[in-house]
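Colleague: Pasting a structure here, questions to come.
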């Protein structure tokens, strides 16, 4: 089974198009102002037409804001990265939900197994991620880069990987040579 790839923290159209050309299955847009990869809602519409699944990453946002972002960006998935609880997730009936947690009982299509501080480039709990990957679809995140992605996929067997800092020149600016290396190495 093919491991899917989400390139997260997209802020520029040229990076989005390059990632799609390399084989990205998902693009992630960080829609929280506290992030160094923040994409303002007014810029999200430029990505709405892209032929890829689009993921909005939210941290403790209110439901109205999430609904508005889904509409503007034609988002397929709402990724919750804050203190959102199961009841909040169940109220999102207008998009699929992914959640950054190791809680197997959380009502989400996929769990994001990440470091405590998402987007930091630090690895998450790989042992726990491997256990979860055996019983439900996970997206492995945290500390993934072109050098270790293939090995982590082989060890943990996630449904997908979620990468931001591992393929960047600087926050929100993707390094096209690193993206190319990533896809070359995981296709082998």
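The values are calculated or read from the model by the stated rules, or taken from the named source; none is laboratory data. As the structure is a computational prediction, the values presented were derived from the model and not from experiment. Positions of Cβ are generated from backbone atoms using ideal geometry, with glycine treated the same way; all protein chains shown enter the neighbour counts.
Colleague: Looking only at the stretch 36-49, decide whether some residue is touching a helix residue (DSSP H, G or I) at 6+ places or on another chain (Cβ under 7 Å) and either at pLDDT below 95 or in a loop (DSSP other than H, G, I, E, B) (or both).
Modeller: Taking the stretch 36-49 first, the residues touching a helix residue (DSSP H, G or I) at 6+ places or on another chain (Cβ under 7 Å) are 41, 44-48.
With the extra rule that they be either at pLDDT below 95 or in a loop (DSSP other than H, G, I, E, B) (or both), the set shrinks to 48.
Within the stretch 36-49, one or more residues are touching a helix residue (DSSP H, G or I) at 6+ places or on another chain (Cβ under 7 Å) and either at pLDDT below 95 or in a loop (DSSP other than H, G, I, E, B) (or both).
Colleague: Would you mind stating whether residue 66 is touching a helix residue (DSSP H, G or I) at 6+ places or on another chain (Cβ under 9 Å), surrounded by 15 or more Cβ atoms within 10 Å (Cβ to Cβ) and either within 25 Å of residue 156 (Cα to Cα) or modelled with pLDDT of 95 or more (or both)?
Modeller: Values: touching a helix residue (DSSP H, G or I) at 6+ places or on another chain (Cβ under 9 Å): no; surrounded by 15 or more Cβ atoms within 10 Å (Cβ to Cβ): yes; either within 25 Å of residue 156 (Cα to Cα) or modelled with pLDDT of 95 or more (or both): yes.
Spelling it out, it is not the case that residue 66 is touching a helix residue (DSSP H, G or I) at 6+ places or on another chain (Cβ under 9 Å), surrounded by 15 or more Cβ atoms within 10 Å (Cβ to Cβ) and either within 25 Å of residue 156 (Cα to Cα) or modelled with pLDDT of 95 or more (or both).
Colleague: Working only within the stretch 167-188, note down all residues that are under 20 Å from residue 25 (Cβ atoms) and assigned to a helix (DSSP H, G or I).
Modeller: Answer for the stretch 167-188, where residues must be under 20 Å from residue 25 (Cβ atoms) and assigned to a helix (DSSP H, G or I): 167, 176, 178, 179, 180, 181, 182, 183, 184, 185, 186, 187.
Colleague: Being part of a loop (DSSP other than H, G, I, E, B), surrounded by 16 or more Cβ atoms within 10 Å (Cβ to Cβ) and on the phi < 0 side of the Ramachandran plot is the requirement here; does residue 56 meet it?
Modeller: Against the criterion (part of a loop (DSSP other than H, G, I, E, B), surrounded by 16 or more Cβ atoms within 10 Å (Cβ to Cβ) and on the phi < 0 side of the Ramachandran plot), residue 56 does not qualify.
Colleague: Mind listing whichever residues of the stretch 87-125 are without any contact (Cβ under 8 Å) to a residue 40 or more places away in the chain, surrounded by 14 or more Cβ atoms within 10 Å (Cβ to Cβ) and not in a loop (DSSP other than H, G, I, E, B)?
Modeller: Result: 88, 89, 96, 97, 99, 111.
Colleague: Determine, yes or no, whether residue 14 is at pLDDT 95 or above, crowded, with 19+ Cβ neighbours inside 10 Å and out of contact with any strand residue (DSSP E or B) (no Cβ under 6 Å at 6 or more places or on another chain).
Modeller: No; evaluated as a whole, the condition is false for this residue.
Colleague: Return the only residue of 138, 144, 173, 161 being in contact with a helix residue (DSSP H, G or I) (Cβ under 9 Å, 6 or more places away or on another chain), in contact (Cβ under 8 Å) with a residue 40 or more places away in the chain and within 26 Å of residue 102 (Cα to Cα).
Modeller: Exactly one of 138, 144, 173, 161 is in contact with a helix residue (DSSP H, G or I) (Cβ under 9 Å, 6 or more places away or on another chain), in contact (Cβ under 8 Å) with a residue 40 or more places away in the chain and within 26 Å of residue 102 (Cα to Cα), namely 161.
Colleague: Return the only residue of 173, 135, 163, 153 being surrounded by 20 or more Cβ atoms within 10 Å (Cβ to Cβ) and at pLDDT 95 or above.
Modeller: From the options 173, 135, 163, 153, the qualifying one is 163.
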